[in-house]
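Read through the structure below, which is laid out as C-alpha coordinates, and then see the notes.
The values are calculated or read from the model by the stated rules, or taken from the named source; none is laboratory data. Just so it is clear, the structure is predicted and the values come from calculations on it, not from any experiment. Backbone-built Cβ (ideal geometry, glycine too); neighbour counts: all protein chains shown. We work out accessible area using only protein heavy atoms, side chains counted, and drop any ligands, DNA or RNA first. Shrake-Rupley method; radii C 1.70, N 1.55, O 1.52, S 1.80 Å.
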Amino acid sequence: MTGTRTILLVEDNDDIRIITTIALEHGGRFAVVPAASGEEALRLAESKAIDLVLLDVMMPGMDGTETYAAL
(Lines give C-alpha, C1' and ligand atoms only; values in the text may rest on other atoms or scores of the structure.)
Protein backbone atom coordinates (compact mmCIF):
# COMPACT_ATOMS: atom_id res chain seq x y z
CA MET A 1 0.00 0.00 0.00
CA THR A 2 1.45 3.33 -1.01
CA GLY A 3 0.34 6.89 -0.44
CA THR A 4 -1.65 8.50 2.31
CA ARG A 5 -5.07 7.09 3.17
CA THR A 6 -7.80 9.36 4.52
CA ILE A 7 -9.73 8.37 7.64
CA LEU A 8 -12.97 10.00 8.73
CA LEU A 9 -12.84 9.87 12.54
CA VAL A 10 -16.23 10.42 14.17
CA GLU A 11 -15.91 10.87 17.94
CA ASP A 12 -17.84 13.27 20.19
CA ASN A 13 -15.24 13.26 23.00
CA ASP A 14 -12.73 16.02 22.25
CA ASP A 15 -9.80 14.39 24.08
CA ILE A 16 -10.27 11.00 22.42
CA ARG A 17 -10.67 12.62 19.00
CA ILE A 18 -7.47 14.66 19.40
CA ILE A 19 -5.34 11.78 20.76
CA THR A 20 -6.61 9.36 18.10
CA THR A 21 -5.91 11.89 15.35
CA ILE A 22 -2.34 12.40 16.59
CA ALA A 23 -1.74 8.63 16.83
CA LEU A 24 -3.12 7.91 13.36
CA GLU A 25 -1.29 10.77 11.65
CA HIS A 26 2.05 9.88 13.27
CA GLY A 27 4.30 8.50 10.57
CA GLY A 28 2.45 10.16 7.72
CA ARG A 29 0.55 7.10 6.43
CA PHE A 30 -2.87 8.47 7.32
CA ALA A 31 -4.61 11.82 7.04
CA VAL A 32 -7.45 12.22 9.52
CA VAL A 33 -10.63 14.20 8.92
CA PRO A 34 -12.09 14.65 12.43
CA ALA A 35 -15.82 15.04 13.09
CA ALA A 36 -17.44 15.69 16.46
CA SER A 37 -20.91 14.44 15.50
CA GLY A 38 -22.78 12.27 13.06
CA GLU A 39 -24.21 15.32 11.35
CA GLU A 40 -20.73 16.80 10.84
CA ALA A 41 -19.47 13.44 9.54
CA LEU A 42 -22.18 13.38 6.86
CA ARG A 43 -21.26 16.88 5.69
CA LEU A 44 -17.55 16.01 5.56
CA ALA A 45 -18.14 12.69 3.79
CA GLU A 46 -19.86 14.55 0.95
CA SER A 47 -16.88 16.84 0.36
CA LYS A 48 -13.85 14.59 1.06
CA ALA A 49 -12.49 11.41 -0.49
CA ILE A 50 -12.61 9.00 2.47
CA ASP A 51 -10.91 5.58 2.53
CA LEU A 52 -12.00 4.45 6.00
CA VAL A 53 -14.48 5.55 8.68
CA LEU A 54 -13.82 5.10 12.41
CA LEU A 55 -17.16 5.69 14.07
CA ASP A 56 -18.11 6.09 17.72
CA VAL A 57 -21.35 4.27 18.50
CA MET A 58 -22.62 6.24 21.50
CA MET A 59 -22.99 9.91 20.58
CA PRO A 60 -25.67 12.48 21.40
CA GLY A 61 -28.07 13.40 18.62
CA MET A 62 -27.30 11.15 15.67
CA ASP A 63 -25.66 8.05 17.16
CA GLY A 64 -23.15 5.82 15.40
CA THR A 65 -25.73 3.37 14.08
CA GLU A 66 -27.78 6.18 12.52
CA THR A 67 -24.64 7.79 11.10
CA TYR A 68 -23.55 4.49 9.57
CA ALA A 69 -26.95 3.99 7.93
CA ALA A 70 -26.87 7.53 6.52
CA LEU A 71 -23.35 7.14 5.15
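Amide H contacts of Val33 (H built 1.01 Å from N, in plane; Pro and chain starts excluded): Ile7, Leu8, Leu9 sit under 5 Å, all sequence-distant by 5 or more or on other chains.
In degrees from 0 to 90, rounded to the nearest 10, what is the angle of the helix 14-25 Cα long axis to the longest principal axis of the chain? Orientation of helix 14-25: about 30 degrees from the principal axis. Positive-end ranking of Leu9, Ile50, Ser37 along the dipole of the chain, with charges on Cβ about the Cα centre, is headed by Ile50.
How large is the charge dipole for the chain, taken about the Cα centre, if only the Cβ atoms of Lys, Arg (+1) and Asp, Glu (-1) carry charge, to the nearest 20 debye?
Values: 5 positive and 12 negative charges, 84 e Å.
The calculated dipole for the chain is roughly 400 debye.
Modelled spin-label separation between Asp51 and Ala69, with each label point placed 7 Å from Cα along the Cα-to-Cβ direction: 3.1 nm. With the simple spin-label model, which puts each label point 7 Å out from Cα in the Cβ direction, the Leu44 to Asp14 separation comes to 1.6 nm. Between helix 38-47 and the chain there is an angle of about 50 degrees, using the helix long axis and the longest principal axis of the Cα atoms.
In square angstrom, what is the accessible area per residue of the chain with a 1.4 angstrom probe?
Numbers: 4600 Å² over 71 residues.
Ligands and nucleic acids excluded, the figure is 65 Å² per residue.
Once the Kirkwood radius over Cα pairs is known for the chain, the Stokes-Einstein relation at 20 °C and 1.002 mPa s delivers a diffusion coefficient of 176 µm²/s.
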